[in-house]
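A.B. asks: Got a structure here, written out as structure tokens. Questions coming.
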Amino acid sequence: MGTIRIAVINGPNLNLLGERETGVYGETDLGSINSAIESAAAQAGASVEFFQSNGEGEIIDYLHRVRDFDGIVINPGAYTHTSIAIRDAISAVRVPAVEVHLSNIHAREEFRRHSMTAPVCVGQVCGFGPYSYIAGLLAVVDHIKKMRQA
Ligand code: DQA
């Protein structure tokens, strides 16, 4: 049992949140989003570790490093739509993951509607801005608690 350990992973360009396409992604920077996640996690009895990278290989290496964690919240950014390698890494580590997006990827350009990674995740939360991360975190924690009871 013990504390539930969650890895929160952000992919390319998400380090520029707050200044990047604010009309789509809002004005909140990644540090503020991470602080909100940390508070929500503490209330839910979970601890979080944060990771952001613009590189596909670095994200894959990090996924391998957290393979003994209890859960993953991941916003793969544009790699969502292209990366078979990140999809395979999520599958390989067998840690329950929730995919999150600030924007509603289904309401945008056609190429954003398909996610390579969502099929190997427990579920996907998108369209709620920074709250997508909180909802994703609570969803994966709830999933882990239910798995532990089973
Ligand atoms: C995003 C959606 C992706 O299509 C895009 O490439 C991003 C951000 C989101 O959080 O809404 O970089 O993942």
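Laboratory data are not the source of any read-out in this text; all were calculated from the coordinates shown. These numbers come from a predicted model, not from an experiment. Note that we place each Cβ from the backbone using ideal geometry, even for glycine, and neighbour counts take in every protein chain shown.
A.B. asks: Among the residues of the stretch 96-115, is there at least one that is part of a helix (DSSP H, G or I) and under 23 Å from H143 (Cα atoms)?
C.D. replies: No - not one qualifying residue is present in the stretch 96-115.
A.B. asks: Which of the residues that make up the stretch 1-53 are over 26 Å from V93 (Cβ atoms) and buried (at least 18 other Cβ atoms within 10 Å of the Cβ)?
C.D. replies: The one that is over 26 Å from V93 (Cβ atoms) and buried (at least 18 other Cβ atoms within 10 Å of the Cβ): Y25.
A.B. asks: Which of the following residues is more than 12 Å from the ligand (Cβ to nearest atom) and free of Cβ contacts under 8 Å to residues at least 40 places away in the same chain: R113, R87, R148?
C.D. replies: Numbers: R113 fails: more than 12 Å from the ligand (Cβ to nearest atom); R148 fails: free of Cβ contacts under 8 Å to residues at least 40 places away in the same chain.
Matching residue, one of R113, R87, R148: R87.
A.B. asks: For the stretch 128-145, which residues satisfy the criterion of being of a type in the set (F, W, Y) and without any contact (Cβ under 8 Å) to a residue 60 or more places away in the chain? Before the answer, list the steps.
C.D. replies: Quick first cut of the stretch 128-145, residues of a type in the set (F, W, Y) only: 128, 131, 133.
Of everything in the stretch 128-145, those that are of a type in the set (F, W, Y) and without any contact (Cβ under 8 Å) to a residue 60 or more places away in the chain turn out to be F128, Y131.
A.B. asks: Sticking with this structure for a sec: Of the residues that sit in the stretch 90-106 and are away from the ligand (no atom under 12 Å from the Cβ) and within 24 Å of S47 (Cβ to Cβ), which one is surrounded by the fewest Cβ atoms within 10 Å (Cβ to Cβ)? First the steps, then the outcome.
C.D. replies: Taking the stretch 90-106 as the starting set, the residues that turn out to be away from the ligand (no atom under 12 Å from the Cβ) are 90-98.
Narrowing the set further to residues that are within 24 Å of S47 (Cβ to Cβ) leaves 90, 92-98.
Values: I90: 26, A92: 13, V93: 20, R94: 9, V95: 19, P96: 20, A97: 29, V98: 26.
Looking at the filtered set, the residue picked out is R94.
A.B. asks: What do you reckon, is G71 in contact with a Pro (Cβ under 7 Å, 6 or more places away or on another chain), under 24 Å from R148 (Cβ atoms) and among the small types (G, A, S)?
C.D. replies: Answer is yes for this residue.
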